[in-house]
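Input: a single structure, listed below in structure tokens.
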Amino acid sequence: MVRARLRQAARPALTRALRAVGAMRRRAVRPRSVLRSEPVSRKFGLDRGTAIDRAWIESFLQSEAQRIRGSVLEIGDPGYTRRFGTAVTESHVLHATGESPDATIVGDLATGEGVPEEAFDCIVLTQTLPFVYDVVGAVATCRRALRPGGAVLATLPGISQISRYDMDRWGDFWRFTDLSARRLFEAEFGEVTVRTHGCVGSACAFLLGLAAEEVPSGLLAAVDPDYQVLITVVATSPAA
Ligand SMILES: C[S@@+](CC[C@H](N)C(=O)[O-])C[C@H]1O[C@@H](n2cnc3c(N)ncnc32)[C@H](O)[C@@H]1O
């Protein structure tokens, strides 16, 4: 009798405890699925679909498409100029060594050697600054290469794997934050617009090499300033 009463009295507490355990199990991360020594892709997920950083880069360039006009300089290849350019009159490609068939200019962003001055209305500077040791010199070269009223559209990696291809050619030196990107561009251009993309989930997915198509919908729109995966910058040169 006494036992039965005690059992009866303990039932609500037991039910609460079992529910709490169930909820913890549902929330639990399965570390083995994430904590692995090998990524699922070493190519930023490009071999599985759209790389997560490229999804943000494309929406950034789409939103700034009206600035990709007139004489446009892009680094390495003219892919984004072709895709997002509006009223482009001249498309140029700067390459460090000229080994690309698309190169129209062989030059050094760091020193400015080979890069013409006041020649471009827009410079598409995507994912390039990590590979130039003298980033201060590179941003100064971009400012000198712009015509009055022109714009640099830059993207910089924050949390990211090494780019082995670039590391083995010119070097992979830097990762950035919104603070370093702002300081770097403000020193040359004055006021600039800087935005960050990424949260802990997209940072993990990107490091693992998952593609944008493989992550839950809405994850790429979540922004956590403590987990910056990509930083975008719009810097404009004063109109004449
Ligand atoms: C990963 S690609 C970035 C551009 C590419 N369009 C993109 O969106 O990924 C790196 C580029 O940096 C260029 N690069 C590296 N060091 C350079 C330098 N000192 N001056 C000019 N370009 C440089 C290389 O030629 C290469 O095309």
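Under the Kirkwood approximation applied to all pairs of distinct alpha-carbon atoms, what is the hydrodynamic radius of region 147-240 in Å?
On the way: mean 1/r = 0.0682 Å⁻¹.
About 14.7 Å, per the Kirkwood formula over Cα pairs.
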Exercise. So, by mean Cβ neighbours within 10 angstrom, what's the order for 179-191, 66-78 with the highest one leading?
Worked result: 66-78, 179-191
Problem set entry | Magnitude of the charge dipole, region 38-236, Cβ model with Lys/Arg +1 and Asp/Glu -1, debye to 20 | 260 debye
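Stokes-Einstein at 25 °C, 0.890 mPa s, Kirkwood radius from Cα pairs: D for region 37-111 in µm² s⁻¹?
On the way: Rh = 14.0 Å.
The calculation lands on 175 µm²/s.
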Exercise. Of Ala211, Tyr133, Ala55, which is farthest on the positive side of the dipole of the chain, counting Cα position, with +1 on Lys and Arg Cβ, -1 on Asp and Glu Cβ, and the Cα centre as origin?
Worked result: Ala211
Problem set entry | Over the chain: Rg over Rh, Cα atoms, Kirkwood Rh | 1.20
Problem set entry | Kirkwood Rh and Cα Rg combined as Rg/Rh, region 103-185 | 0.96
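What's the Kirkwood radius of region 31-172 in Å, using all Cα pairs? Mind dumping the intermediate values first?
Working: mean 1/r = 0.0622 Å⁻¹.
With all distinct Cα pairs of region 31-172 included, I get 16.1 Å.
Going by average Cβ density within 10 Å per residue, which order do the peptides 45-54, 164-173 take, highest to lowest? Before the final figure, lay out each step's value.
Values: 45-54: 19.2, 164-173: 13.3.
In decreasing order of mean packing, 45-54, 164-173 become 45-54, 164-173.
Per 0.36 nm of contour for each residue apart, how much would the distance between Arg36 and Ala9 grow if the chain were fully extended, relative to their Cα-Cα spacing?
On the way: separation 27, 0.36 × 27 = 9.72 nm, distance 4.63 nm.
Value of the extension gain: 5.1 nm.
Expressed in nm to one decimal, what extension gain is obtained for the pair Val106 and Glu191 from 0.36 nm per residue of sequence separation less their Cα-Cα distance?
Extending this stretch completely gives an extra 27.6 nm.
Bear in mind these aren't lab numbers, they're just calculated from the coordinates by the rules spelled out. Just so we're clear, the structure is a prediction, and the values are computed from it rather than from any experiment. Glycine also receives a Cβ, built like all others from the backbone with ideal geometry; neighbour counts cover every protein chain displayed.
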